[in-house]
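K.L.:
So that we are looking at the same thing, I have put the structure below in structure tokens.
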Amino acid sequence: MSFAAEDLTHDLFLGGRLRLSQPRAGYRASADPVLLAAACPARTGQSVLDLGCGVGVASFCLGARVAGLRLSGLELQPAYAELARQNASVTGISLEVHEGDLRDMPPPLRVSFDHVIANPPYFAPEGGTAARDPGRETAQREGPAALADWTAAARRRLLPGGWLTMIHSADRLPDILAGLAGFGAVSVLPLAARPRRPASRVIVRARKGARGPFRLLAPLIVHEGAAHDSDRDSYASEVRAILRDGAALADFG
């Protein structure tokens, strides 16, 4: 199964450094996977597993920032996995994409990685209005694989001392923290749209087997000003550097 050419758009990321195909009517990545990639502390020569990689946006943004990574992706939906492979061919950034369920990983992924990154579905299994597009609904709504399954899969696949980096809806933070048995040195970065607004997203980073203390970091404010005041994007300088220039997220230190 694959998308027809007329069902795709070709979107620019990192200020035009990446041109990635996405489904016109399906799940479409925006800023979240770019911020996820910026938060991952991967270094040249290390291995990274992207759980639920979609069309590969987070992996390609990370690969554009850090050369020489061994990037692998796991995607449940075959059409999205195929599109990630096509994007890898176009970008020239190597990403080995496998199809399957994270609760029963394909044999090639039953190895250990230095890093796992993840952008799990944000919506609860029940309630709310379902997306018209089935692929978008699958990508956005938690299914048989619960959030605890995502953290457990990451723990199984990480080397001792390896890092999990995850972006998710802020209201699911208690569930994320409850699933981090076996991890330590947990840092949480709240993401708020504007000053004095509650956080809508969190980036969580945790290290397998570590004993470091928990850190709740000061919020990252995504936009300047108290309200949207023009047609400009109004991103704060640090966020603009991430989204436009592929910079690392400095807040984690």
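K.L.:
In the set Val48, Val116, which member is buried (at least 19 other Cβ atoms within 10 Å of the Cβ), touching a His at 6+ places or on another chain (Cβ under 8 Å) and in contact (Cβ under 8 Å) with a residue 60 or more places away in the chain?
P.N.:
The unique qualifying residue is Val48.
K.L.:
It is to be established whether one or more residues within segment 95-107 are touching a residue at least 24 places away in the same chain (Cβ under 8 Å) and within 25 Å of Arg244 (Cα to Cα).
P.N.:
Applying the first criterion (touching a residue at least 24 places away in the same chain (Cβ under 8 Å)) to segment 95-107 yields 95-103, 105-106.
Cutting the leftovers down to within 25 Å of Arg244 (Cα to Cα) gives us 95.
Yes, because at least one residue in segment 95-107 is touching a residue at least 24 places away in the same chain (Cβ under 8 Å) and within 25 Å of Arg244 (Cα to Cα).
K.L.:
Has segment 66-80 got at least one residue that is acidic (Asp, Glu) and touching a His at 6+ places or on another chain (Cβ under 9 Å)? Please lay out each step first, then the result.
P.N.:
Restricting attention to segment 66-80, the residues satisfying the condition of being acidic (Asp, Glu) are 75.
From what's left, touching a His at 6+ places or on another chain (Cβ under 9 Å): 75.
Checked segment 66-80: at least one residue is acidic (Asp, Glu) and touching a His at 6+ places or on another chain (Cβ under 9 Å).
K.L.:
Six or more apart or on different chains, Cβ atoms under 9 Å: show the pairs whose first residue is in segment 148-161 and on the phi > 0 side of the Ramachandran plot and whose second is not basic (Lys, Arg).
P.N.:
Pairs found: Gly161/Asp114; Gly161/Gly209; Gly161/Ala210.
K.L.:
Which is touching a Phe, Trp or Tyr at 6+ places or on another chain (Cβ under 9 Å) and surrounded by fewer than 17 Cβ atoms within 10 Å (Cβ to Cβ), of Ala210, Ala206?
P.N.:
Only one candidate passes the filter, namely Ala210.
K.L.:
Sticking with this one: For segment 29-45, check the following and say yes or no: at least one residue is crowded, with 19+ Cβ neighbours inside 10 Å, farther than 19 Å from Ile242 by Cβ and either out of contact with any Pro (no Cβ under 7 Å at 6 or more places or on another chain) or without any contact (Cβ under 8 Å) to a residue 40 or more places away in the chain (or both).
P.N.:
The answer is no, given that none of the residues of segment 29-45 is crowded, with 19+ Cβ neighbours inside 10 Å, farther than 19 Å from Ile242 by Cβ and either out of contact with any Pro (no Cβ under 7 Å at 6 or more places or on another chain) or without any contact (Cβ under 8 Å) to a residue 40 or more places away in the chain (or both).
K.L.:
While we're on this one: Which residues, taken from segment 165-221, are of a type in the set (Phe, Trp, Tyr) and either at positive phi or more than 20 Å from the chain's Cα centre (by Cα) (or both)?
P.N.:
Phe214
K.L.:
Go through segment 107-133 residue by residue and tally those that are under 20 Å from the mean Cα position of the chain (by Cα) and more than 24 Å from Arg205 (Cα to Cα).
P.N.:
Total satisfying the criteria: 1.
K.L.:
Please work out if Thr91 is hydroxyl-bearing (Ser, Thr, Tyr) and crowded, with 18+ Cβ neighbours inside 10 Å.
P.N.:
yes
Laboratory data are not the source of any read-out in this text; all were calculated from the coordinates shown. As the structure is a computational prediction, the values presented were derived from the model and not from experiment. Note that each Cβ is placed from the backbone with ideal geometry, even for glycine, and that neighbours are counted across all protein chains shown.
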